[in-house]
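Here's the structure, in structure tokens; my notes come after.
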Amino acid sequence: MKRQPIRKLLLILSMLLFPVTLYYFSPAIIIGAGLEGIINGSFIVFAAMLIGSIFFGRLFCGFLCPAAGLEESCFAVNAKTPKLGRRRYIKYGIWIAWLLVVVLCYAGKGIHALDFFYQTENGISVVDAMGYIIYYGIVLLILAPSVIFGKRAFCHYLCWMAPFMVIGGRIRKLLHLPGLHIAARPDRCIACGKCNRACPMSINPEAMVM
């Protein structure tokens, strides 16, 4: 499909920009900001993810996420579809624990300021040796599950951003709002399973037409 080269190019650009954007996707930085009563970049980005997913579904995951770009670079190493099972609930446990800490931080300190570029230098996240240590630690955390378990394993098992997308989708369905989503073509399905093997998101498109 014509959109695939564009999608891959956007993911590559997002991956290359990750040293700049890292702190805008950081669950740890938002806790630090909460302890100081500051609404920071990651707070705004996570809120935008939730609101955006109501109308645009997993567009961010498929086209813009730097972690997705890193994971897709591992397809040549392990292109198997990972088994979901109970591992998929790990990310929800991480997300709930993190969210509770964030709520407690802001509840205890209150909100006193807005600083989108909090803890960055001229808007850039990684600028010193410690920043690079953190950056490569996050990269390893993203790559390891994909190398070991297969396509997009980090997304399915550990991603702290995925629950925002899931909640947004549930809100859209609950309110019966229009939004971007995968549309199946049952009339063209021959049950060959090729779509499941080719899907870069490691989902089960075939199940949509069964």
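The values are calculated or read from the model by the stated rules, or taken from the named source; none is laboratory data. Keep in mind the model is a prediction, meaning the values are calculated, not measured. When we count neighbours, we look across all protein chains shown, and the Cβ atoms used for this are built from the backbone with ideal geometry, even at glycine. Quick note on the areas: whole protein, heavy atoms, side chains included, nothing else; ligands and nucleic acids left out. Shrake-Rupley method; radii C 1.70, N 1.55, O 1.52, S 1.80 Å.
Of the residues making up the range 23-36, none is of a type in the set (Val, Ile, Thr), without any contact (Cβ under 8 Å) to a residue 24 or more places away in the chain and in contact with a helix residue (DSSP H, G or I) (Cβ under 9 Å, 6 or more places away or on another chain). Every test in (1) touching a helix residue (DSSP H, G or I) at 6+ places or on another chain (Cβ under 7 Å); (2) surrounded by fewer than 21 Cβ atoms within 10 Å (Cβ to Cβ); (3) more than 26 Å from residue 199 (Cβ to Cβ) is passed by residue 43 save one, and that test is (2). Within the range 85-116, take every residue that is open to solvent by less than 50 Å² (accessible area, probe 1.4 Å) and touching a residue at least 12 places away in the same chain (Cβ under 8 Å) and give me the one that is nearest to residue 153 (Cα to Cα). Restricting to residues being open to solvent by less than 50 Å² (accessible area, probe 1.4 Å) and touching a residue at least 12 places away in the same chain (Cβ under 8 Å), the top hit is 91. Is the range 66-89 home to any residue that is among the β-branched types (Val, Ile, Thr) and modelled with pLDDT under 95? Checking the range 66-89: at least one residue is among the β-branched types (Val, Ile, Thr) and modelled with pLDDT under 95. Could you tell me whether the range 41-55 includes any residue that is among the aromatic types (Phe, Trp, Tyr) and touching a residue at least 60 places away in the same chain (Cβ under 8 Å)? Yes. From the set of residues in the range 1-40 that are more than 19 Å from residue 129 (Cα to Cα) and among the β-branched types (Val, Ile, Thr), which is least open to solvent (accessible area, probe 1.4 Å)? Checking each candidate, the answer is 30. Scanning the range 46-63 for residues that are open to solvent by 30 Å² or more (accessible area, probe 1.4 Å) and either over 12 Å from the mean Cα position of the chain (by Cα) or under 22 Å from residue 122 (Cβ atoms) (or both) yields 47, 48, 51, 55, 56. For the range 134-155, residues that are surrounded by fewer than 19 Cβ atoms within 10 Å (Cβ to Cβ) and not aliphatic (A, V, I, L, M) total 3.
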